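Shown next, in structure tokens, is the structure this report addresses.
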Amino acid sequence: MTHSEPDGVPVLALEGVSRSFGAVRALQDVSVRLFPGEAHALAGENGAGKSTLIKTLAGVHRPDKGRVLLDGRPVVFHGPADARDAGVAVIYQEPTLFPDLSVAENLFMGRQPRRSLGRVDHAAVRSATARLFQQLGVDLDPDRPARGLSIADQQLVEIAKALSFDARVLIMDEPTAALTGSEVARLFRVVRTLLERGAAVLFISHRLEEVFALCQRVTTLRDGRLVSSEPVAGLTEDGLVRRMVGRDLDELYPKQPAELGEVALSVRRLTREGVFTDVSFDVRAGEIVGLAGLVGAGRSEVARAVFGVDRWDAGEVLVDGVALTRGAPSKAIAAGMALVPEDRRAQGLVMEMSIARNIGLTGLRATTTAGLMNRGAERDRALDWAVRLQVKFARLADTVGTLSGGNQQKVVLAKWLATGPRVLIVDEPTRGIDVGTKAEVHRLLSHLAGQGVAVLMISSDLPEILGMADRVLVMHEGRITAEIPRAEATEETVMTAATGRERSAA
Amino acid sequence: MADLTGADLTAAKAQDDVAAPPSATRRGGAAGLVRWDTVVGALLAILLLCSFGFVGDFGHTLNLSFLIGNTLPMALIALPMTMLVAAGEIDLSVGSVAGLSGAVMGSLWNAGMAIETIIPLCLLLGLVCGLVNGLLVTRLGLPSLAVTIGTMAAYRGIAQIVLGSNSVTDFLQPYLDFGSGRIPGTFLPYAAIPWAVLAVIAVLVLHATGVGRSLFAVGASAEAAWFAGIRVKRLRLSMFAATGVVSALTGVFWVLHYASARYDNATGLELSVIAAVLLGGVDFDGGKGTLGGAIAGVFLLGTLQNTMSLVDVSAQSQTVVTGVLLVVSVLGPRAGRQLARTVARRRSAGSGNAPVTSG
């Protein structure tokens, strides 16, 4: 398991680390060694213990057992500040910058160079920022406010910040989840620059191709235990998936040919001023229609308007030929529509409510008799769907916040499938969830279509769109720019339409 | 769709250890699991026992009936206020609506109208006041704290315009008897009966209906509730309306109980109500709380004030005690959670080997 590691001392390592939360053993006897100049991938399904491992390295958690080694010597981080001072920097999926401050001010927040009388030396801040960006090969204006920066740019600011702290270890927790192809390419360029400078990188991504593109070594966790730690060279994607899920995966995209029925959802010339324009499409019963496009093309906005969360300014939406009232999700639900939203934590779930009650929220009428709620019925309904979708939970009364991301997504699906929808809209149904759950969700969608449900699937994951959709609609800047049948849908045709017929920079 | 079976989906990995493995032994009901509303109920019981035991006049029928009669206005408004706070909103105008309702009652009585007509009109007025609050909050998207601070002043001002500095006291005796009398053979005021009916309705609505479930969902995350098809604005609006009606009813009761309609009736009532509701463990941020807790909070506050009066604590000192209680009630549950977390962390850390500390 430790063969062919680079010689020398790992800059940061865990040795036999265990960590429990209550009765949950998040990590059991896990070791990992990060070497300078090496990009190290951390793989595993949701709930495998990746977050706990990162937080242990970053000083957020202290191990119950085992040691953290810095340059081969045991250390105890009493908090994230200790880890940062030791040169460990963490870049999270969604960075948190101060939106009203400039990029440069964000970089030097709380440690600005001073002139006499404690005045901030703005010139020094600016030039130091510009120097950092230059080292990273990044083209960003230090003076522009952080507000309005893309997530990709915000991450680069965070990386520059890490560099300014002389970080020797850079931990990146799913940095690419919300990035477009060209942004990923730019991020990788920057990371490679850092590697050449001798930094150690720990990289987490659910996109396996990125692991193979960037990393030299991969450590796989499953259920809190170490499965393997090995060079990426000589490993195949299938092999890595097998290590992560502990078994051979069925096809990741188990799409069966669909038998198309009548038009179930019909969207006619829908317009929301300044957001999307003149959007028309049909989805038939039994059909999975993929809605592709770049982030910001207006896909989620269309879904929100169709479902009634947002109002539309013109056009109409019909379910089984009956027009819906605009801006009324309750009417859409009554007509047989369901929306699994993009942001499950803010929109899909009430995080501090229990699993049972979250699933129950869509069935308040169905589980009410004579004006009063029937708790037994509510529980049965929730349990039924939680079991069908294989949600891993301890008790139905636990808050959904205690579940892993993939299981949270299953609760959202359970909540909506329990309404028996005829039209199901799923917005990024597998974002941030692990390969095993992803395949389950795909199997579920395919199965639902087989049952005659009309599915509209928004996804930024191109292989997912190509693998699952009977037909692909592509949006660009608020308009549908292409409709591509399954047979003709390729990465190239979809991306060409998504980028407005320009060649993408990547 | 209806015949989607588990077998279809689970066939591929049926042998998996899936749902509900209660393998983990549940960590016992340590400090973290004691609910705040239970704590408040216990405090109320202790206070009652002490008052009965050590404060001579406390147990007298007359005193108990005073206690309940004086607490009823708070107890009435606490019912809708609990729902409002659970839904993440607040209404500071309740005392003014009660005052306005009383002032209108007095002035219509002076104008010679029958009390059977006046009371429905007052309730209607309360409905309008509540709707104004609710529409300003839901349609214009203003924060309810700001809106109701404004209407608190406005409604009180209207009350003063309506009645001036007069007080109306000459209501019909049977009504005054209802407002201040008690059920023969008990210490319970007559008005406790309608309150009990309303309390039962409120408990059922909040804790046993879809409306109550939706209120908590809205309070915890209005966005997620809206995505789940809950009509967030309508629900909030109807809660403001209910609060207005109950506040107006309280104003009517106040006039009859104290046999006096004045524009400044029930001044400051909103603060006692909110203090009692928060004391009862209803989370100021919405999404958490029980009506049982809120009612316990109301009577804890009412009993405390009564007992303090009996042992000659000055009114100013009573106010200080109420204020401190309010701060404690907001701090208490949070501190409890923090403590539980710390204990849990200690315990899990203590079970493993102590990590080696660097030099």
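The values are calculated or read from the model by the stated rules, or taken from the named source; none is laboratory data. Note that this is a predicted model, so its numbers are computed, not measured. Every residue, glycine as well, gets a Cβ built from its backbone with ideal geometry; the counts of neighbours run over all protein chains shown. Ligands, DNA and RNA are stripped out before the accessible areas are found, and what is left, the full protein with its side chains, is counted by its heavy atoms. Shrake-Rupley method; radii C 1.70, N 1.55, O 1.52, S 1.80 Å.
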Could you pull the accessible area for B:Lys288 with a 1.4 Å probe, rounded to 10 Å²? 80 Å²
What nm distance separates the two modelled labels at A:Arg242 and A:Met109, each placed 7 Å from Cα along Cα→Cβ? 4.6 nm
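Can you give the percent of C-alpha pairs in chain A whose distance is more than 30 Å?
On the way: 67810 of 127765 pairs.
It works out to 53 percent of all Cα pairs.
Determine, from the Cβ-Cβ distance of B:Leu339 and A:Ala334 and an R0 of 56 Å, the FRET efficiency 1/(1 + (r/R0)^6), rounded to the nearest 0.05.
Working: r = 46 Å, r/R0 = 0.82.
Taking R0 as 56 Å, the efficiency between B:Leu339 and A:Ala334 is 0.75.
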Just to check I understand the Karplus step: with θ = phi - 60° and J = 6.51 cos²θ - 1.76 cosθ + 1.60, what whole-Hz values come out for the range B:48-57, glycine and proline as x? 4, 4, 4, 5, 4, x, 10, 9, x, 7
Residues of the range A:350-420: accessible area per residue with a 1.4 Å probe, Å²: 37 Å²
Between the residues B:Gly102, B:Leu67, B:Gly150, the Cα farthest towards the positive end of the dipole of the range B:40-179, that dipole coming from +1 and -1 charges on the beta-carbon of Lys, Arg, Asp and Glu, is from B:Gly150
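Quick one: divide the alpha-carbon radius of gyration of the protein assembly as shown by 2.2 N^0.38 Å and tell me what you get.
Taking the Cα Rg and dividing by 2.2 N^0.38 Å, one obtains 1.10.
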Output row, site A:Gln135, 7 Å Cα→C-beta label point, backbone N cut-off 11 Å, window the range A:167-184, residues A:167-168
Amide proton proximity set for A:Leu12, modelled H, under 5 Å, gap of 5+: A:Leu34, A:Asp71
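A:Arg144 to B:Ile115: FRET efficiency via 1/(1 + (r/R0)^6), r the Cβ-Cβ distance, R0 56 Å, to the nearest 0.05?
Given R0 = 56 Å and the Cβ-Cβ separation, E is 0.20.
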Tell me, what does the Kirkwood hydrodynamic radius of the range A:350-420 come to in angstroms if you use every pair of distinct C-alpha atoms? 11.8 Å
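Might you tell me the accessible area per residue for chain B, computed with a 1.4 Å probe and given in Å²?
For chain B, the per-residue accessible area is 45 Å².
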If the chain between A:Leu260 and A:Ser228 were fully extended at 0.36 nm per residue, the gain over the current Cα-Cα distance would be 7.0 nm
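To the nearest 20 debye, what charge dipole does the protein assembly as shown have about its Cα centre, counting +1 at the Cβ of each Lys and Arg and -1 at the Cβ of each Asp and Glu? Working shown, then result.
Numbers: 82 positive and 81 negative charges, 319 e Å.
It comes to approximately 1540 debye.
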Just to check I understand the Karplus step: with θ = phi - 60° and J = 6.51 cos²θ - 1.76 cosθ + 1.60, what whole-Hz values come out for the range B:132-141, glycine and proline as x? 4, 3, x, 5, 4, 6, 7, 7, 8, x
At a Förster distance of 56 Å, what's the computed FRET efficiency of B:Arg231 paired with A:Ser164, Cβ-Cβ distance as r, to 0.05? 0.70
State whether the range A:235-368 is rounded, prolate or oblate according to the following rule on the C-alpha gyration tensor (a ≥ b ≥ c being the square roots of its eigenvalues): a/c under 1.5 gives rounded; otherwise a/b larger than b/c gives prolate, and the remaining case gives oblate. prolate
Residues from the range B:211-246 losing no less than 30 square angstrom of accessible surface in the full protein assembly compared with the chain alone, 1.4 angstrom probe, ligands and nucleic acids excluded, are B:Arg213, B:Ala217, B:Ala220, B:Glu223, B:Ala224, B:Trp226, B:Phe227, B:Ala228, B:Gly229, B:Arg231
Gyration tensor verdict on the range A:20-88 (Cα atoms; rounded if a/c is under 1.5, prolate if a/b is larger than b/c, oblate otherwise): oblate
How many nm separate the modelled label positions at A:Glu488 and A:Ala314, each set 7 Å beyond the Cα in the direction of the Cβ? 2.8 nm
What list of ³J(HN,Hα) couplings, whole Hz, do you get for the range A:418-423 from phi and the Karplus terms 6.51, -1.76, 1.60, once you set θ to phi - 60° and write x for glycine and proline? 5, 7, x, x, 9, 10
Taking H as built 1.01 Å from N, whose amide H comes closer than 5 Å to the amide H of B:Arg182, not counting residues under 5 places away? B:Tyr190
Interchain or sequence-distant (5+) residues whose placed amide H lies within less than 5 Å of the amide H of A:Ala482 are A:Val474
Inter-probe distance in nm under a simple model that places probes 7 Å from Cα toward Cβ, at B:Val327 and A:Tyr92: 3.2 nm
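Given a 1.4 angstrom probe, I'd like the percentage of the accessible area of the range A:350-420 that is carbon and sulfur, rounded to a whole number.
Values: 1320 of 2620 Å².
Ligands and nucleic acids excluded, carbon and sulfur give 51 percent.
Could you list, in their original order, any pairs among A:Lys65/A:Lys410; A:Lys55/B:Lys288; A:Lys50/A:Lys415; A:Lys50/A:Lys392 whose Cα atoms are separated by more than 21 Å? Walk me through the numbers on the way to the answer.
Working: A:Lys65/A:Lys410 33 Å; A:Lys55/B:Lys288 30 Å; A:Lys50/A:Lys415 27 Å; A:Lys50/A:Lys392 17 Å.
From A:Lys65/A:Lys410; A:Lys55/B:Lys288; A:Lys50/A:Lys415; A:Lys50/A:Lys392, over 21 Å: A:Lys65/A:Lys410; A:Lys55/B:Lys288; A:Lys50/A:Lys415.
Trypsin sites (Lys or Arg not before Pro), restricted to the range A:251-338: which are DSSP loop and have at most 13 other Cβ atoms within 10 Å?
A:Arg311
When the helix-only estimate is applied to chain A (DSSP H runs of n ≥ 4, each -39,500 (n - 2.57), divided by the residue count), what is the mean residue ellipticity at 222 nm, nearest 500 deg cm²/dmol? Don't jump to the answer; show the numbers that get you there.
On the way: 16 runs with 159 residues, N = 506.
Estimated from H runs of four or more residues: -9000 deg cm²/dmol.
At a probe radius of 1.4 Å, figure out the B/A buried accessible area, summed over both chains, and give it in Å² to the nearest 100.
On the way: alone 18700 and 22850 Å², together 36920 Å².
What B and A bury together is about 4600 Å².
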